[in-house]
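The values are calculated or read from the model by the stated rules, or taken from the named source; none is laboratory data. Nothing here was measured: the structure is a model prediction, and the numbers come from that model. FYI the Cβ positions are ideal-geometry reconstructions off the backbone, even for glycines, and counts take in every protein chain you see. Accessible surface is based on the protein model in full, side chains and every heavy atom, while ligands, DNA and RNA are left aside. Shrake-Rupley method; radii C 1.70, N 1.55, O 1.52, S 1.80 Å.
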Amino acid sequence: PKKKQSQVMYYATDGMGSIPQAIKSDSSFKLNQDVWISPSNGVKYTGSSDSSSPRWKVQSSGKQWGQFDRLIIAHNGKCADRIMSRTPAKSFHSLLRTNFAPYVPEHGGNRMTLNSIYSLTFALRKNGKESALGGKIPGNMYSCFIKNEPNLRFLSCNTRKYSSSSPNDDNVEVWTVLSSAKFGKKYKGPQENLPNELVKDVTGQMLQSLERSIGLEAGSLWNVKDAHVGGGIVLDYKLQLWGAAVPLNTWSSSSTEGGFLYDAENGVGACGDWLLHPSIGGAWESGRRLANWIVEDLEDRKKKGEGSSVGLPPDGKFVRSVAASQAGIASFK
């Protein structure tokens, strides 16, 4: 963490994963990463009349990960909906139901709404100091919004962002381009197993759109006739569908100034950008505030014998995020 006046700011020196690793290094808890918890039967409410006893059992692939006093849902989309659907936390679960669309109505809609975005990362062969694409982009620009092409929203140069000392990287330049939500919706497929023909089609359209946007000669990045990367300039590429991408609305309640949900009766909470503002910062701050609230809730239980819920319906509504709807990839403040 870096302190700036009264604010505490965090900078990930080795990718975003270094932040939780740094937090763990100052704590005694055990961190299990890359563990798949099935949304069908991965979580089970065990219940207890004693608030200090375990309430939730977590398991995956037949392995028991333990029983826990509190459960936190820090994910959204279909999996978060399914994992809570068979629990007694009905009011809490109602807010996890999700719509998928490139837009929401002005009144905010009746459910959390997520858009879908394609991410295409591709490696270019350099011609001298830079690639054909790099030559069109000022050297001091790492990322930029795309506003002159309806299929695309954002372009970033991975090579400029992350310096490398490997001599093998000297002749390669890596870029990532993000599609618009409307494009993602139109060409959406099964994100865990995109058909090869769909991958070719979407990749081709995104690279051709980038050629038009930047002013490159047609066919510089994608050979339309042969349906493959053109001229040996693009060395490799990877297309990924971000199916449950950016929240286009946020849940607002008179009791959610903290930007999180907490069901005190069932010992379960939720944090995420859809509860504050759609961005990495919103997700981080939501989680931090929920953690502080749980500590306070434990103290209240000791004093009063019961805790306090936060942000549960019917007190509240979804509010359209104008910033997220306009940018398409996040809410920028």
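Key figures
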item: Tally of residues being over 18 Å from the mean Cα position of the chain (by Cα) and surrounded by fewer than 21 Cβ atoms within 10 Å (Cβ to Cβ) across the stretch 257-292; result: 7
item: Some residue of the stretch 96-117 being in contact with a Leu (Cβ under 8 Å, 6 or more places away or on another chain), without any contact (Cβ under 8 Å) to a residue 60 or more places away in the chain and more than 30 Å from L312 (Cα to Cα); result: no
item: Subset of the stretch 297-314 [farther than 16 Å from D69 by Cα, in a loop (DSSP other than H, G, I, E, B) and in contact (Cβ under 8 Å) with a residue 24 or more places away in the chain]; result: G311, L312, P313
item: From V104, V58, residue being in a loop (DSSP other than H, G, I, E, B) and either in contact with a helix residue (DSSP H, G or I) (Cβ under 8 Å, 6 or more places away or on another chain) or of a type in the set (A, V, I, L, M, F, W, C) (or both); result: V104
item: Total residues in the stretch 109-136, condition in a strand (DSSP E or B) and under 30 Å from L276 (Cβ atoms); result: 8
item: Positions within the stretch 76-94 being open to solvent by less than 10 Å² (accessible area, probe 1.4 Å), closer than 22 Å to N115 by Cβ and assigned to a loop (DSSP other than H, G, I, E, B), in sequence order; result: G77
item: Residues of the stretch 237-263 satisfying the condition of being in contact with a strand residue (DSSP E or B) (Cβ under 8 Å, 6 or more places away or on another chain), at pLDDT 90 or above and either closer than 19 Å to M206 by Cα or part of a loop (DSSP other than H, G, I, E, B) (or both); result: Y237, K238, L239, Q240, L241, W242, G243, A244, A245, V246, L248, F260
item: Qualifying residue in the stretch 279-296 (condition: part of a loop (DSSP other than H, G, I, E, B) and at pLDDT 85 or above); result: yes
item: Residue match in the stretch 156-174 (condition: at pLDDT 95 or above and either assigned to a loop (DSSP other than H, G, I, E, B) or of a type outside the set (K, R) (or both)); result: no
